[in-house]
1. Out of Leu91, Leu76, I need the residue that is among the hydrophobic types (A, V, I, L, M, F, W, C), part of a loop (DSSP other than H, G, I, E, B) and under 18 Å from Ala159 (Cβ atoms). Which one?
2. Can you tell me which residues in the range 103-128 are open to solvent by 10 Å² or more (accessible area, probe 1.4 Å) and either of a type in the set (Asp, Glu) or part of a loop (DSSP other than H, G, I, E, B) (or both)?
3. Mind checking which residues of the range 70-93 are over 22 Å from the mean Cα position of the chain (by Cα) and open to solvent by 30 Å² or more (accessible area, probe 1.4 Å)?
4. Please state which one of Val58, Val65 is surrounded by 10 or more Cβ atoms within 10 Å (Cβ to Cβ), at pLDDT 90 or above and outside any helix (DSSP H, G or I).
5. Within the range 133-144, track down each residue that is buried (at least 21 other Cβ atoms within 10 Å of the Cβ) and over 24 Å from Gly26 (Cβ atoms).
6. Test Pro29 against the criterion of being under 30 Å from Ala93 (Cβ atoms) and either at pLDDT 95 or above or assigned to a helix (DSSP H, G or I) (or both), and give yes or no.
Amino acid sequence: MRDSSEPPPEAPEPESTPPGRLAPLGPGPVVAAIVLGLAGGWAWHPIAEQMSGTAPVVGWTQGAVLFFVTAILGGLALVTWRAVHVRREHLEARRAVNRLVLARACMLVGALVAGCYVGYAVSWLGSSAELAQTRMVRSLVAAAGAAGILITGKLLERACRVPKSDPHP
């Protein structure tokens, strides 16, 4: 019989990622960033009207810049994928970590910004303001550019993964 003062032995927890390895960024932080962005974008409309008397109009430049960043990030993901997975080149540790940090930051910021623009567009639904339609369309275009940053950030993160057959752990 066991002594009741002894704690029961704990079962070892299975590790999903071996020590010294990074797991891909899960959906939790990305979803949290999107929700936070939706709330912020939706709240920005009445706050801006109260502070300045008018809500800002989203310009085409904002969406264009986001698509430009998406193109650059996608190019970097493609170059990294080819180097690591096609040509089996060994990336310097410093470069690999820098690209991984960039990928994760872009995923989170892309999710936050996409949520902000979608929230701002949703805040104009049913509005009779003369520029409501313009604000919604341009916000959704900018949101698509930010979603592109999120997607290409995920692609860059995947490109940074070392193949399992790599002799250099």
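The values are calculated or read from the model by the stated rules, or taken from the named source; none is laboratory data. Please read these numbers as outputs of a predicted model, since none were measured by experiment. Cβ coordinates were reconstructed from backbone atoms using ideal geometry, including for glycine residues, and neighbour counts include every protein chain displayed. Just the protein is used for accessible areas: all its heavy atoms, side chains included, with ligands, DNA and RNA removed. Shrake-Rupley method; radii C 1.70, N 1.55, O 1.52, S 1.80 Å.
1. Checking each option against the conditions leaves just Leu91.
2. Correct list: Ser123, Leu125, Gly126, Ser127, Ser128.
3. Arg82, His85, Val86, Arg87, Arg88, Glu89, His90, Leu91, Glu92, Ala93
4. Val58
5. Arg138, Ser139, Ala142
6. When the stated conditions are applied, Pro29 passes them.
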